[in-house]
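Data block below; observations after.
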Amino acid sequence: MAAEPVGSCKGWDAWLDLRSGVRPTLHVKVRCTLPSPGYVVTLQPALPPGFNPRIYDLERVVEPPRDPMPEVPTTVKVHYVEAIDNRYDEISVRSDGVRLPVRQEY
């Protein structure tokens, strides 16, 4: 069983940029609060990918600080961007148990 990710995240938002003349671009944003400064948070495609072609599966990956840091809760903004070929209706962040709709922006 995978360990629970460090910290907590709020304010999940997902949209698909469909401006004409531009390849569709998926955006996912969130704010994560971690126990101290120095953590690096990224969103990455989940492996293996899910079986539903309308849901895009991600994982939140947290790398700890390289050096000792004071225990001061710190909030970081995370923004995932990927040019895609599929129009997803929903994002699933497996590590956090989060599912959110993808709005379309023209």
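Here is how the numbers come out for the structure above:
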read-out	value
Per residue accessible area of the chain, 1.4 Å probe, in Å²	65
Taking the chain and dividing mean pair separation by its residue count, relative contact order in percent (alpha carbons under 8 Å, at least six apart)	35
For segment 23-81, size of Cβ-based charge dipole, Lys and Arg +1, Asp and Glu -1, in debye	340
Residue (of S92, A14, P68) at the positive-pole extreme of the chain, dipole from beta-carbon charges	A14
Along principal axes, Cα extents of segment 55-95, largest first, whole Å	43, 19, 16
Difference of contour (0.36 nm per residue) and Cα-Cα distance, Q104 to H79	7.3 nm
Under the Karplus curve 6.51 cos²θ - 1.76 cosθ + 1.60, θ = phi - 60°, whole-Hz ³J(HN,Hα) for segment 30-35, x wherever Gly or Pro sits	7, 10, 10, 9, 10, x
Kirkwood hydrodynamic radius of the chain, from inverse mean 1/r over distinct Cα pairs, in Å	14.8
Point-to-point label distance, L47-N86, nm (Cα→Cβ direction, 7 Å offset)	1.7
Residues whose placed amide H lies under 5 Å from that of A46, excluding near-sequence neighbours	D57, L58, E59
The chain, dipole about Cα centre (Lys/Arg Cβ +1, Asp/Glu Cβ -1), debye to the nearest 20	260
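The values are calculated or read from the model by the stated rules, or taken from the named source; none is laboratory data. Fair warning: this is a prediction, and the values are worked out from it, not measured in the lab. Positions of Cβ are backbone-derived with ideal geometry, glycine not excepted, and every protein chain shown enters the neighbour counts. Accessible surface areas use protein heavy atoms only, side chains included; no ligands, DNA or RNA. Shrake-Rupley method; radii C 1.70, N 1.55, O 1.52, S 1.80 Å.
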